[in-house]
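Engineer: My structure is below; once you've seen it, I'll send some questions.
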Amino acid sequence: MSDTKRFDEAAATWDSVDRRVVLAHAVVEAISSRVPLTKELAVLDFGCGTGLVTLALAPQVGSIAGADTSSGMLKILAEKAEAKRLPLRQILLDPSGGGDLGGPYDLIVSSMTLHHIADVPALFSRLVSHLNPGGTVALADLDEEDGSFHEDRTGVHHHGFPRAHIQAWLEQAGFRQVHLGTATVTHKEGQDYSVFLATAQRG
Ligand SMILES: C[S@@+](CC[C@H](N)C(=O)[O-])C[C@H]1O[C@@H](n2cnc3c(N)ncnc32)[C@H](O)[C@@H]1O
């Protein structure tokens, strides 16, 4: 089964796993401690899924868009946004890496999506081109792990990341003031997995 189909099928029950909700909220906390969130900001959540991060940020920013390759995930996001009367734009992306991300944005966030992207340096170059000058990225994902985080490794291109790789790729893409810290530690099947938050500004 393709990665996109797998996420389509998982969408309806995605939020029923407490660990994901707790992780997303910890990432939002980590983002807000690094980036001043204001009603002036146009924000994109790349790989937004059901919007656990998107909808927590929405009331704190000017506008927010959620982009994802899974129409199933975006459908759940749309239902939740409507129930909460939170306006947001949804962007269905082509799994091949194409599709317009919209913008330009002041802030692009992403949580637990980078490890599903084969060519992360290319994604960082793509993100920088959708930011306003001085705009910020805040990207959370697994630190390097032993491969045990996913039982089904379909569409998993990285077993987390060494922080030095993320730093180098961001700098190569033209980001400055790169900062990497620990957003949270998530617990799964008796094991701890640390999650980084990388923040950087378009140079
Ligand atoms: C582990 S989920 C995380 C979802 C959400 N950010 C959260 O924190 O709950 C990864 C998400 O990335 C999406 N995704 C996978 N490959 C992608 C790609 N190439 N471009 C954009 N989104 C992608 C999946 O459809 C899924 O919604």
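Where a number appears in this text, it was derived from the coordinates with a stated rule and is not lab data. What you see is a predicted model, and the numbers here were worked out from it, not measured in a lab. We place every Cβ from the backbone using ideal geometry, glycine too, and count neighbours over all the protein chains shown.
Engineer: Give the peptides 9-15, 124-130 in descending order of average Cβ contacts within 10 Å, highest first.
Structural biologist: Listed from highest to lowest mean packing, they are 124-130, 9-15.
Engineer: Fully extended, how many nm does the chain gain between Lys75 and Ser125 (0.36 nm per residue separation, minus their Cα-Cα distance)?
Structural biologist: 15.2 nm
Engineer: A follow-up question, please. Taking H placed 1.01 Å from N in the peptide plane, check which residues at least 5 places from Ile108 or on another chain put their amide H under 5 Å from its amide H.
Structural biologist: The answer is Leu44, Thr136, Val137, Ala138.
Engineer: Right, something else. Quick one: check the C-alpha center-to-center distance for segment 22-57 versus segment 89-145, whole angstrom.
Structural biologist: For segment 22-57 versus segment 89-145, the Cα centre distance is 13 Å.
Engineer: Rg(Cα) of the chain divided by 2.2 N^0.38 Å?
Structural biologist: 0.94
Engineer: Kindly identify segment 45-134 as rounded, prolate or oblate by the Cα gyration tensor criterion: order the square roots of the eigenvalues as a ≥ b ≥ c, call it rounded if a/c is under 1.5, otherwise compare a/b with b/c, prolate if a/b is larger, else oblate.
Structural biologist: oblate
Engineer: On full extension of the chain, what length is gained from His179 through Arg163, given 0.36 nm per residue of separation minus the C-alpha to C-alpha distance?
Structural biologist: 4.8 nm
Engineer: Let me ask something else. Tell me, what ³J(HN,Hα) does each residue in segment 79-91 have, in order and in whole Hz, if you take phi through Karplus 6.51 cos²θ - 1.76 cosθ + 1.60 with θ = phi - 60° and put x for Gly and Pro?
Structural biologist: Here the 3J(HN,Hα) series is 5, 5, 5, 5, 4, 8, 6, 9, x, 7, 9, 10, 10 Hz.
Engineer: Along segment 53-61, what does the Karplus equation 6.51 cos²θ - 1.76 cosθ + 1.60 (θ = phi - 60°) give for ³J(HN,Hα), rounded to whole Hz, x for Gly and Pro?
Structural biologist: 7, 3, 6, 6, 7, 3, x, 9, 10
Engineer: Could you give each residue of segment 2-9 its phi-based ³J(HN,Hα) in whole Hz, using Karplus coefficients 6.51, -1.76, 1.60 with θ = phi - 60°, and x for Gly or Pro?
Structural biologist: 6, 4, 5, 5, 4, 5, 4, 6
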